[in-house]
Structures are given as structure tokens and as C-alpha cells.
1. Can you give the relative contact order of the chain as a percent, counting alpha carbon pairs under 8 Å and 6+ residues apart?
2. Compute, for region 36-132, the length of the dipole vector about the Cα centre, with Cβ point charges of +1 (Lys, Arg) and -1 (Asp, Glu) only. Units Debye, rounded to 20.
3. Could you tell me which label, among (i) 53, 34, 22; (ii) 31, 30, 28; (iii) 45, 27, 26, carries the value of Cα extents along the principal axes in Å calculated for this structure?
4. Can you flag which of K16/K90; K7/K90; K7/K128; K16/K128; K7/K112; K43/K112 are past 20 Å Cα-Cα?
5. Each residue of region 9-14 in turn: what ³J(HN,Hα) in whole Hz from Karplus with 6.51, -1.76, 1.60 and θ = phi - 60°, glycine and Pro shown as x?
6. Determine the dipole magnitude for region 93-132: charges of +1 sit on the beta-carbon of Lys and Arg, -1 on that of Asp and Glu, nothing else is charged, the reference point is the Cα centre, and the result goes in debye to the nearest 20.
7. Keeping every protein chain present and rolling a 1.4 Å probe, give me the accessible area per residue for the chain in Å².
8. Based on the mean of other Cβ atoms within 10 Å per residue, sort peptides 111-122, 41-52 so the most packed one is first.
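The values are calculated or read from the model by the stated rules, or taken from the named source; none is laboratory data. All of these numbers come straight from a predicted model, not from anything done at the bench. Reconstructed Cβ throughout: ideal geometry from the backbone, glycine too, with neighbour counts over all protein chains shown. Surface areas here come from the heavy atoms of the whole protein model, side chains and all, with no ligands, DNA or RNA. Shrake-Rupley method; radii C 1.70, N 1.55, O 1.52, S 1.80 Å.
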Amino acid sequence: MTVSNIKTLLPGDIQKVWGLVTAVADYPRWRSDLGKTEILNEKQFRDYTKKGYATTFTVTACEPHRRWEFTMDNGNMQGRWVGVFTPRGKQTEIDFTEEVAAKKLFLKPFVKAYLQRQQAQFVADLEKALLP
């Protein structure tokens, strides 16, 4: 498994940051990499890149305003995501970790760079969405 982590302080209180990150139906409004999101049931959702590539997510743990975890699966990889949210006054510290295994041997050398790029884009989009 390849592991990638991003930790940063965001402008916004815990309720605002938590609400934005966990409202997956609203992802296409602020995430620059997504075309659409589909809610499958209470525990599962699927997002689609702008080119239509789907990834299915299954929520495995949810402690409101503290921790959110899910597994993820698509044709190229499978893995786990853990998000830890910590209030810091009027700001929120996020600590997001992804553990991913490539399903195709030729993709293995590129997984770490891909994860780091995806995490950086998610955080950049999140910061922009949190601005007034």
C-alpha cells in the first residue's frame, strides 16, 4: 500500500469545514476535478471525474466534527481514506491520510505522486470554497 498524508490549517470553524467536506452531493460545486457525484445509499457515494471516471466510496466510520473514514474503489486502485478534524479557534486543522493499492502493476510507480497531487487539489479547492 502507498500512503500519503496532508495536514493543514483551514480558515473556518469546525462546523463549516466538516459540513463542506462531508456534504458529498455538493462536491461538484466546489471541487475542480469532479463532474458529478451520486449518492448510492446512506453509506455509499460515487464521484465522477470530468471525463466520467467513477470511484465508489463506502463510509466506514463517522464521528461528527472529529473523524470521517471510508474505503474507495475504482478500476485502477482500492484503498482507505481517514480524515481527522481538530478545532483551532476560528480555524480547523485537517489531517487526511490515504492508503492506496494500485490494481495494475504498471501504475504502482505513479501512485504516490498521484495521491499527493489529488490531496493538494482537494485542499486548494476546499480553501477556496471556505473563503467568504
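1. That works out to 31 percent.
2. Here region 36-132 has a charge dipole of around 340 debye.
3. Only one listed value fits the structure, namely (iii).
4. Values: K16/K90 10 Å; K7/K90 17 Å; K7/K128 16 Å; K16/K128 13 Å; K7/K112 16 Å; K43/K112 27 Å.
Correct reply: K43/K112.
5. Once θ is set to phi - 60°, the couplings for region 9-14 become 9, 10, x, x, 6, 4 Hz.
6. Roughly 420 debye for region 93-132.
7. Working: 7560 Å² over 132 residues.
Each residue of the chain exposes 57 Å² on average to a 1.4 Å probe.
8. Per-residue mean Cβ counts within 10 Å order the peptides as 111-122, 41-52.
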